[in-house]
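Chemist: After the structure tokens below, expect a handful of questions from me.
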Amino acid sequence: MATRGNDEEAQQQQQQALLTLKSLDGDDEMTPIQKAISQTFMSASHLAKLLPTGTVLAFQLLSPIFTNSGNCLAVNRLMTAYLIVLCALSCLFLSFSDSFRDEKGNVRYGFATFRGLWVIDGTAQLPPDRAMQYKIKFIDFIHAFASISVFAAVALFDQNVVSCFYPIPSEETKQVLTCLPVGIGFFSSMLFVTFPTTRHGIGFPLSPN
């Protein structure tokens with residue numbers, strides 16, 4: 001009986017070892033597209049910081065309604081196109097927003113200008129020397145471009161949007177719709193990692209300071 005128990009235990013260990021080897025082999029056999037997708041999702045936290053939370057939530061909420069769950073008429077395509085453009089413009093403008101804490105510790109929002117920070121939330125104003133620290137820089141335009149690019153990838157990942165504009169896609173179109181969002185997300189994440197943002201604008205995570 002003891003010998004039989006030892007044999008069963010040895011078989012279980014061998015099966016576990018085989019499963020582990022298969023798992024490792026599966027990782028090595030990943031296609032280039034799968035590897036790119038894996039790398040893109042590893043940078044998901046960086047991509048999330050590039051997009052205003054409210055804009056993404058609004059798009060995800062309105063997209064099924066405007067596209068009629070992918071069953072689009074001409075008017076649905078027009079409304080969906082307007083929705084995508086408005087959300088993209090929102091990502092663009094909100095990339096230039098920033099925040100600070102006033103003397104009472106309340107968070108105040110504003111938009112960066114070439115002369116400093118234009119405060120739009122409340123009556124608190126920054127001293128001129130401190131306001132100049134928030135002025136527009138070249139890196140802000142890089143973040144704005146990356147933000148629009150990431151939103152384009154999010155829109156292309158939305159099956160309702162794809163079904164609306166491409167109800168019967170060809171094989172070439174399917175390949176483009178599969179690879180293009182992955183490529184956009186990957187290169188945009190590289191831009192964010194290379195040029196990290198220091199702004200904490202509207203819809204973005206707040207700074208503890």
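The values are calculated or read from the model by the stated rules, or taken from the named source; none is laboratory data. Fair warning: this is a prediction, and the values are worked out from it, not measured in the lab. Here the Cβ positions follow ideal geometry from the backbone for every residue, glycine too, while neighbour counts run over all protein chains shown.
Chemist: Specify the residue that is surrounded by the fewest Cβ atoms within 10 Å (Cβ to Cβ); the eligible residues are those in the range 136-154 that are over 10 Å from PHE96 (Cα atoms) and among the β-branched types (Val, Ile, Thr).
Modeler: Only one residue tops the list, namely ILE139.
Chemist: Identify all residues within the range 69-79 that are touching a residue at least 24 places away in the same chain (Cβ under 8 Å) and either assigned to a helix (DSSP H, G or I) or surrounded by 15 or more Cβ atoms within 10 Å (Cβ to Cβ) (or both); write none if there are none.
Modeler: GLY70, CYS72, ASN76, ARG77
Chemist: Tell me, yes or no, whether the range 98-106 has at least one residue that is under 19 Å from SER147 (Cβ atoms) and either surrounded by 14 or more Cβ atoms within 10 Å (Cβ to Cβ) or not assigned by TED's automatic domain parsing to the domain that holds THR198 (or both).
Modeler: Yes: one or more hits.
Chemist: Another question about this same structure. Restricting attention to the range 163-194, which residues are in contact (Cβ under 8 Å) with a residue 40 or more places away in the chain and either within 23 Å of ASN68 (Cβ to Cβ) or touching a Gly at 6+ places or on another chain (Cβ under 8 Å) (or both)?
Modeler: Correct list: SER163, CYS164, PHE165, PRO167.
Chemist: Filter the range 80-110 for residues that are outside any strand (DSSP E or B) and charged (D, E, K, R) and give the result.
Modeler: Across the range 80-110, the qualifying residues are ASP102, GLU103, LYS104.
Chemist: If ILE184 satisfies all but one of (1) in a loop (DSSP other than H, G, I, E, B); (2) of a type in the set (A, V, I, L, M, F, W, C); (3) more than 30 Å from PHE100 (Cβ to Cβ), what's the number of the condition it fails?
Modeler: Just one mismatch for ILE184, condition (1).
Chemist: What is the number of the single condition among (1) modelled with pLDDT of 90 or more; (2) part of a loop (DSSP other than H, G, I, E, B) that PHE141 does not meet?
Modeler: Single failed check for PHE141: (2).
Chemist: Are any residues in the range 107-135 closer than 23 Å to SER90 by Cα and either out of contact with any Lys or Arg (no Cβ under 9 Å at 6 or more places or on another chain) or surrounded by 16 or more Cβ atoms within 10 Å (Cβ to Cβ) (or both), and if so, which ones?
Modeler: ARG108, TYR109, GLY110, PHE111, ALA112, GLY116, LEU117, TRP118, VAL119, TYR134
Chemist: Related question: Which ones in the range 55-68 are assigned to a helix (DSSP H, G or I), of a type in the set (S, T, N, Q) and surrounded by 18 or more Cβ atoms within 10 Å (Cβ to Cβ)?
Modeler: Selection gives THR55, SER63.
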